[in-house]
Each structure stands twice: as C-alpha cells, then as structure tokens.
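Structure first, then comments.
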Amino acid sequence: MLTINNRDKLAWREGMTVRDMLVAMGYSYALITVTVNGEIVEQDDYETCRIPDGAEVNVFHLAHGG
C-alpha cells in the first residue's frame, strides 16, 4: 500500500513506477514534482523509478500564471 500526499491510499503492485502511480491516481498536470520517501524523482525517471511497497509519496502540482 502506498500513501500519497499523506492522505490517499493506493494499492501497490510489484514493479510499480512513478508513471504507473501518476496514471492510477489520475494526475495529468504538465508540471508535477514527485518525491518518494523524501527523495525527489526527476521527471525523466518517472518511467523507470520503481516505488517500494509502503512508500510515502508526495505529488506537487506546480501552478503558474499571471
């Protein structure tokens, strides 16, 4: 089980990547920052960075505008 943003739960599965988690949670924003267990994951690594079972994941939507 993963905890997302200290409130949401997501069932973990073997080999789950950051991209898999984003899709499962419905996050589709262009500007997102992700941390897994306090470590920032680079956007280029979302497809390959595996999330361990029980991880604390934070997803930040970066807003911009004027």
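Brief remarks follow.
- Under 20 Å from a label point set 7 Å out along the Cα-to-Cβ vector of Gln43, the amide N atoms of segment 1-37 belong to 17-36.
- Other residues with beta-carbon under 13 Å from the beta-carbon of Asn58 carry, at +1 per Lys or Arg and -1 per Asp or Glu, a net charge of -2.
- 12 Å beta-carbon shell around Ala11, net charge (K/R +1, D/E -1): -2
- Met16 long-range amide H proximity, modeled H, under 5 Å: Ile51
- Fully extended contour minus Cα-Cα distance, from Thr33 to Arg19, at 0.36 nm per residue: 3.9 nm
- Within the chain: Cβ-based charge dipole about Cα centre, in debye rounded to nearest 20 (Lys, Arg +1; Asp, Glu -1): 280 debye
- Remark: relative contact order (the chain) = 45 percent; criterion is Cα-Cα distance under 8 angstrom and separation of 6 or more residues.
- The chain - accessible surface per residue (Å², probe 1.4 Å): 66 Å²
The values are calculated or read from the model by the stated rules, or taken from the named source; none is laboratory data. Quick caveat, the model's predicted, so the values are computed rather than measured. Cβ: placed from backbone, ideal geometry, glycine included. Neighbour counts: every protein chain shown. We work out accessible area using only protein heavy atoms, side chains counted, and drop any ligands, DNA or RNA first. Shrake-Rupley method; radii C 1.70, N 1.55, O 1.52, S 1.80 Å.
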